[in-house]
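One structure is given below, encoded as structure tokens.
Every number in this text was worked out from the coordinates using simple rules, so none of it is lab data. None of these values were measured; they are calculated from a predicted model. Using ideal geometry, Cβ is built from the backbone for each residue, glycine included, and neighbour counts are taken over all protein chains shown.
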Amino acid sequence: MPLVHCPKCNKEEAIDKVLTAQSNQNIIYQCPHCAYLKRQIHTSKG
Ligand SMILES: [Zn+2]
């Protein structure tokens, strides 16, 4: 599983733990370490 760096606290986390895909196909990034939240992340997937 690829890792992503939080842009705020710079900690690594597995991408499936920090990214949540919503039913409207928005992607939400949420860092479990510092609670940083960002919507509509663009991934290189697909
Ligand atoms: Zn963070």
* How far apart, in nm, are the 7 Å Cα→Cβ label points at residue 11 and residue 39? -> 2.5 nm
* Quick one, can you get me the convex hull of the C-alpha atoms of the chain expressed as volume per residue in Å³? => 76 Å³
* Structure fact -> Within the under-11-Å Cβ sphere about residue 3, not counting residue 3, Lys/Arg +1 and Asp/Glu -1 give a net charge of -1
* So what J values fall out for the range 26-36 if you push phi through Karplus, 6.51 cos²θ - 1.76 cosθ + 1.60 with θ = phi - 60°, rounded to Hz, Gly and Pro as x? -> 6, 10, 10, 9, 9, 7, x, 8, 10, 6, 4
